[in-house]
Amino acid sequence: TYSWDRETIQLMQTLIPKESLLFIADAKITFDSFRGSMVATVNSRSIITVNPGKKPQQHLQKHNIRWNETPEDSITDVYTVRQLKQKAQENPEAFFGITYSFISKLDLDSSVSKVIRTRCSRCKFLVPEDMSCTNQLCPGRDQVFSAATCFDLLVDLSDHTGTLQACHLRSPMAEKTLGCTVKEFTSLTDDKRTKMKWRLLLERCKIYVKVVPSAKIKTGVRGTILACSLADPGEVKQHMSALLQH
């Protein structure tokens, strides 16, 4: 497994050879002609669990790799969209923040395939149309295939300073934000999906976001929404006034 990410390198340095067991989801698998074998490369989307079944949550939090629970209580820094972009340009490491922004793009009434995706229940890889897992390292390859449908949205966040495009809003955070499950969403009429869209679209929201600098995408920044709710006007005024003074 290869990675040039500082957080991952620091984690690898704590492992014990032939003793530590890793479960890695969302790793890129390619054939290395030099070594004549398949190799795995992890990136900012990868989820690394050390010694599954032995309190992996503690390992994930200790090494600041992605964890299942949203660390909202530990996120206190407030940013405008411009400040999020600037920090991403100046700092190569992922960071967390709060932004009081408008959701300016939310395509809930587009094709269902653009809103809901199917992933392997065990490794979370996207599942192709033939409903089989293509992840060579999936821990369930020798078991009966199991898949789960989940929200996988791209939304834009905007404020008076600019727009952060194509932020990921995925399950289970999407269910909390939209107020419905995937099953309930698929049974909605087009009109009801549009009403749900406009309940959030262009409304000022309090958004917890993870920002990852990425040279692979046009904007250079990839955002993931960790939590989103309609913002309290008094709270918005307080924080925005403080930001304008800086």
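The values are calculated or read from the model by the stated rules, or taken from the named source; none is laboratory data. Here the structure is a predicted model, which is why all the values come from computation and not from measurement. Don't worry about glycine lacking a Cβ; one is built from the backbone with ideal geometry, like all the others, and counts go over all protein chains shown.
For segment 137-149, which positions are surrounded by 12 or more Cβ atoms within 10 Å (Cβ to Cβ), modelled with pLDDT under 80 and either basic (Lys, Arg) or out of contact with any Cys (no Cβ under 8 Å at 6 or more places or on another chain) (or both)?
Answer for segment 137-149, where residues must be surrounded by 12 or more Cβ atoms within 10 Å (Cβ to Cβ), modelled with pLDDT under 80 and either basic (Lys, Arg) or out of contact with any Cys (no Cβ under 8 Å at 6 or more places or on another chain) (or both): just 141.
Can you list residue pairs whose Cβ atoms sit under 6 Å apart, with the first residue in segment 139-153 being more than 29 Å from residue 184 (Cβ to Cβ) and the second being of a type in the set (D, E, K, R)? Count only pairs 6 or more apart in sequence or on different chains.
Here the result reads 139/122, each pair linking segment 139-153 to a residue that is of a type in the set (D, E, K, R).
Taking the residues in segment 205-232 that are not in a strand (DSSP E or B) and not basic (Lys, Arg) as candidates, determine which candidate is nearest to the chain's Cα centre (by Cα).
214
Per-residue answers, yes or no, for (1) in contact (Cβ under 8 Å) with a residue 40 or more places away in the chain; (2) more than 20 Å from residue 220 (Cβ to Cβ):
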site	(1), (2)
73	no, yes
78	yes, yes
84	yes, no
87	yes, no
98	yes, yes
101	yes, no
104	yes, no
110	no, yes
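Mind telling me which of the residues 207, 116 ends up being surrounded by 19 or more Cβ atoms within 10 Å (Cβ to Cβ), in contact with a Phe, Trp or Tyr (Cβ under 8 Å, 6 or more places away or on another chain) and of a type in the set (A, V, I, L, M)?
207
Let me confirm something: among 133, 123, 150, 138, which residue is part of a strand (DSSP E or B) and either on the phi > 0 side of the Ramachandran plot or in contact with a strand residue (DSSP E or B) (Cβ under 8 Å, 6 or more places away or on another chain) (or both)?
Being part of a strand (DSSP E or B) and either on the phi > 0 side of the Ramachandran plot or in contact with a strand residue (DSSP E or B) (Cβ under 8 Å, 6 or more places away or on another chain) (or both) holds for just one of 133, 123, 150, 138, which is 150.
Tell me which residues, restricted to segment 25-84, are in a helix (DSSP H, G or I), out of contact with any strand residue (DSSP E or B) (no Cβ under 6 Å at 6 or more places or on another chain) and at pLDDT 60 or above.
73, 74, 83
Under the condition of being in a loop (DSSP other than H, G, I, E, B) and over 19 Å from the mean Cα position of the chain (by Cα), which residue from segment 181-204 is surrounded by the most Cβ atoms within 10 Å (Cβ to Cβ)?
188
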